[in-house]
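Accompanying notes for the structure given below.
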Amino acid sequence: MATNNVANNIGKEQILEIAKSEMEYRVELFNRLTKICFDKCIEKRYKESELNMGENSCIDRCVSKYWQATNLVGQLLGSSRPPM
């Protein structure tokens, strides 16, 4: 019974470590996405307090392309076939 508890605790620790790593990865991904799209789409000198139509559209396209590329890389890394 004691060995079962030890095995259970090791399993829980591994799960928590994996969850922590996944959360760190997602935060890093979000921060990179934010920085890339902000630098690309927002002018260095703010003119208005709200995003204008062009900035809004640029950010929308940037985020969409970023997620598509991230998903494609993930799929390619997850599969055993080489990229086309």
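The values are calculated or read from the model by the stated rules, or taken from the named source; none is laboratory data. Computed from a predicted structure; not experimentally measured. When we count neighbours, we look across all protein chains shown, and the Cβ atoms used for this are built from the backbone with ideal geometry, even at glycine.
Summary table
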{"read-out": "Flag if residue 12 is at pLDDT 95 or above, among the basic types (Lys, Arg) and within 25 Å of the chain's Cα centre (by Cα)", "value": "no"}
{"read-out": "Matching residues in the stretch 34-52 - criterion: being among the aliphatic types (A, V, I, L, M) and modelled with pLDDT under 95", "value": "42, 51"}
{"read-out": "Qualifying residues in the stretch 16-53 (those that are hydroxyl-bearing (Ser, Thr, Tyr) and under 16 Å from residue 70 (Cβ atoms)) - the one surrounded by the fewest Cβ atoms within 10 Å (Cβ to Cβ)", "value": "25"}
{"read-out": "Residues (among the β-branched types (Val, Ile, Thr) and either surrounded by 12 or more Cβ atoms within 10 Å (Cβ to Cβ) or in contact with a Lys or Arg (Cβ under 9 Å, 6 or more places away or on another chain) (or both)) located in the stretch 54-77", "value": "59, 63, 70"}
